[in-house]
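The values are calculated or read from the model by the stated rules, or taken from the named source; none is laboratory data. Model, not experiment: these values are computed from the prediction. Cβ placement follows ideal geometry from the backbone for every residue including glycine, while neighbour counts extend to all protein chains displayed. Side chains are part of the model used for accessible areas, which takes the heavy atoms of the whole protein and leaves out ligands, DNA and RNA. Shrake-Rupley method; radii C 1.70, N 1.55, O 1.52, S 1.80 Å.
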Amino acid sequence: MESKGVSSLLHSLRGEQFRHTRNLERAKRNLSKANSTDRSSTTTVPFTLDYSELHGDQRPIRAGTSQAAPSHPTTAGPVPKSWRKVSQSDRLGTDADEPAWRAEALSVVLNHLPDGTGLTSRVLRDTLPGLSSIRSSPSSAVPPLSALCFRVILSLYTGLSDFEEELVPYLAPHLRRDLLRYTSIYSPLPNSKLYALCEEGHADGELIIIGPHSSLRNDLWNDSGQDTVPIEPGDTDQEEEEDWSWDSPFPSSSPLLSLTLLSTPLTIPTLLTVPPTLTHLALLAIPSLVPIQHLPSICPLLVVLDLSYNKWIDKGGVGEKALRRVEWRRLRRLEVLGLRGCAVDTEDLREVNRERWEDVRVILDS
């Protein structure tokens with residue numbers, strides 16, 4: 001009996017020794033395998049990081065467990081910016097000073113404006129490669145002479161007095177418009193030069209304001225006294241007989257047709273004074289909520305409306321989201337609606353194309 005007890009004890013000890021040896025060998029294999037793995041392929045982000053910043057609602061699961069990480073994990077401090085996933089709607093905060101981004105933000109309205117002398121989106125595509133949303137054409141291989149001259153002109157007339165007195169009076173209206181488009185992309189003008197260039201409240205029917213470099217004046221259209229001046233029948237012959245030489249100041253009689261605001265405030269009193277002649281309106285990344293439900297009565301002739309990158313577009317406001325409060329059927333001429341970088345759903349867009357012969361083209365994130 002005593003020998004059987006000793007044999008049983010030795011058998012148990014041998015079993016424990018065998019299991020211990022196997023565990024040590026397995027641990028050594030795992031350690032050597034981990035050391036041989038390329039460190040660049042493993043994550044260095046702490047597990048306690050709020051992964052909603054990187055992956056939305058999907059959260060990682062610990063190895064060997066069946067439950068996901070806590071919904072609100074604690075962190076040692078704020079999440080570094082380099083670990084955050086930058087959405088398209090946040091790009092204005094990070095790339096607002098980049099010409100390529102301004103061209104991308106303005107691409108919808110620029111693509112639907114007349115080309116004029118050629119300095120529009122097709123030229124911007126040649127000078128800023130990689131902008132997929134900007135159209136090009138076979139005739140855009142060589143930029144127009146005006147595009148090549150603007151950089152030289154702006155470097156010569158750096159002072160306000162030189163810009164206002166020696167340059168602007170001798171630019172034809174269409175060149176003022178092209179210069180406005182060029183500077184809005186490459187070097188936005190400050191208020192002093194912007195309003196010197198747009199002394200009638202616009203440049204050949206267009207006004208582009210890029211914040212924070214410039215801002216919209218509250219009394220702009222009140223001071224300009226309407227854009228068009230009626231011509232009396234007796235003055236028609238006199239207008240035809242006048243000879244405008246190449247170096248004479250150019251009159252402007254076109255109404256305001258296009259208004260673009262990027263990252264600049266728009267107050268309600270200013271919105272209510274916007275000329276009803278607008279056909280193109282772009283309100284991009286406006287910092288505060290704009291009552292867009294008034295647009296059908298203020299600008300009934302709108303063909304292009306771009307409301308991209310506005311974080312307030314999905315806010316409730318007075319009990320209802322901003323897009324749902326607009327009477328879209330009153331904008332009978334609307335053809336394009338830009339909503340890039342906006343949180344919208346199918347319910348928000350349900351009324352846009354109701355009772356229309358042709359659907360409005362809605363531009364969302366690609």
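Some points to look at:
- Only one entry of 199, 206 meets the criterion of being within 28 Å of residue 97 (Cβ to Cβ), surrounded by 12 or more Cβ atoms within 10 Å (Cβ to Cβ) and modelled with pLDDT of 90 or more, and that entry is 206.
- Close contacts from the range 259-275, counting a first residue that is on the phi < 0 side of the Ramachandran plot and a second that is at pLDDT 90 or above and β-branched (Val, Ile, Thr), with Cβ to Cβ under 6 Å and a gap of 6+ residues or different chains, come to 260/109; 260/208; 261/209; 262/210; 264/209; 266/286; 266/290; 274/298.
- Answer from 337, 331 - the residue that is under 20 Å from the mean Cα position of the chain (by Cα) and either at pLDDT 95 or above or open to solvent by less than 100 Å² (accessible area, probe 1.4 Å) (or both): 337
- Count of residues meeting criterion [open to solvent by 10 Å² or more (accessible area, probe 1.4 Å) and assigned to a helix (DSSP H, G or I)] in the range 164-180: 11
- Across the range 276-292, the qualifying residues are those that are open to solvent by less than 10 Å² (accessible area, probe 1.4 Å) and in a loop (DSSP other than H, G, I, E, B), and the one among them that is farthest from residue 199 (Cα to Cα) is 290.
- Against the criterion of being more than 17 Å from residue 208 (Cβ to Cβ), over 16 Å from the mean Cα position of the chain (by Cα) and not in a loop (DSSP other than H, G, I, E, B), residue 301 does not qualify.
- Options 289, 283: the member that is at pLDDT 95 or above and either closer than 18 Å to residue 180 by Cβ or not assigned by the TED database to the domain that holds residue 101 (or both): 283
- The conditions of being part of a helix (DSSP H, G or I), under 27 Å from residue 153 (Cβ atoms), within 25 Å of the chain's Cα centre (by Cα) and at pLDDT 50 or above are met by residue 194.
- Selected residue (only one of 161, 155, 146, 139 is in a helix (DSSP H, G or I), open to solvent by 60 Å² or more (accessible area, probe 1.4 Å) and either at pLDDT below 80 or touching a strand residue (DSSP E or B) at 6+ places or on another chain (Cβ under 9 Å) (or both)): 139
- Sole residue being over 26 Å from residue 180 (Cβ atoms) and surrounded by 17 or more Cβ atoms within 10 Å (Cβ to Cβ), chosen from 266, 349, 295: 349
- Residue in the range 307-366 that is farthest from residue 263 (Cα to Cα), counting only those that are of a type in the set (Gly, Ala, Ser) and part of a loop (DSSP other than H, G, I, E, B): 319
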